[in-house]
Amino acid sequence: MLRTPTVLGISMAPRKSRRLFVAVTYAVMLALTVTILIVPPWRDKSEGWIIASGTFLGVCSLVFTSLVKQTGPLDIHGGELISLGLAPRRRNQDEPDEREVAIRNAACFQAYRVLALYVITIFTAAFFFDAAFLAFDLRTSVAVKVLEVLAMPLLGMALTLPQAALLWAEPDVPEEARV
Amino acid sequence: MAYDSNFDARSGAALYNRIAVLRAERGLSRSALADALEVNYQTVGYIERGDFNPSLELAFRISEYFGLPIEAIFSRQPFRPLSEEIYGNRKSPRGGTSK
């Protein structure tokens, strides 16, 4: 399931290093979100943070997708397209086998549940924010800003959560010695 | 603990197998068996340990590869050791039956 290359010179074969990588990535993502949230919206500085967060998410998405086989939203089975299903063909090393497909699907389902819960929380919060901002006659732009910021982790999770779940849970690769 | 995606294993419907024994008998590495079965070598390890129950199609491929009936490789009951199955009912040289 894991391609286990190195990230910044650190091998991703041991689970410990993968967990550290996931934890650091999500901590940075959270820190960026909180930073954008506390930068006052009436200052132009916040746009820079949003661009920085977007760039960070893009890089994270590329790195996470490169670490785990066939989990990106745009991954397709090239071999199937070439053979057009006319003849049986050997499985490409980069294609997941039935166990890998099963754990990938389970990870995607877990990610979907987290995302669904997060979306429900955002919309519930939006309902109360809206009522509170109307009641206290606060600027609507603040409410919009808060919701925009809360939507950013949604994008991050949609792009990286299935891969993060697999990186977190898969055992050490050397554990499965080629014997 | 590995990502538990195996609903059969989770519900307690464990499937026992003799793949490790058969592989050792034939001097096959996990990698060689995995190549023959067109799966990842880690998947062979998962199946051997009972952490993943293969599909019926893969189980038949394993059976065909070893040239044995499927029930000789997979079972819902724990397997007795092969030595016990072969020699279990023979009389011991001292007159008794070995268990």
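The values are calculated or read from the model by the stated rules, or taken from the named source; none is laboratory data. All of these numbers come straight from a predicted model, not from anything done at the bench. Positions of Cβ are generated from backbone atoms using ideal geometry, with glycine treated the same way; all protein chains shown enter the neighbour counts.
Just a few scattered comments:
- Residue pairs whose Cβ atoms lie under 8 Å apart, sitting 6 or more positions apart in sequence or on different chains, and linking a residue in region B:1-29 that is more than 11 Å from chain A (Cβ to nearest Cβ) and over 15 Å from B:N53 (Cβ atoms) to a partner that is at pLDDT 70 or above and in a loop (DSSP other than H, G, I, E, B), are B:L22/B:L68.
- Total residues in region B:1-49 satisfying the condition of being exposed (fewer than 14 other Cβ atoms within 10 Å of the Cβ), in a loop (DSSP other than H, G, I, E, B) and either touching a His at 6+ places or on another chain (Cβ under 7 Å) or at pLDDT 85 or above (or both): the figure is 1.
- Among the residues of region A:98-129, none is identified as touching a residue at least 40 places away in the same chain (Cβ under 8 Å), surrounded by fewer than 18 Cβ atoms within 10 Å (Cβ to Cβ) and among the acidic types (D, E).
- Candidate set from region A:36-65 (those that are modelled with pLDDT of 80 or more, surrounded by 14 or more Cβ atoms within 10 Å (Cβ to Cβ) and polar (S, T, N, Q)); member that is nearest to A:P153 (Cα to Cα): A:S61
- Of the residues contained in region A:10-20, one or more are found to be modelled with pLDDT of 75 or more, within 18 Å of A:L159 (Cα to Cα) and touching a Leu at 6+ places or on another chain (Cβ under 6 Å).
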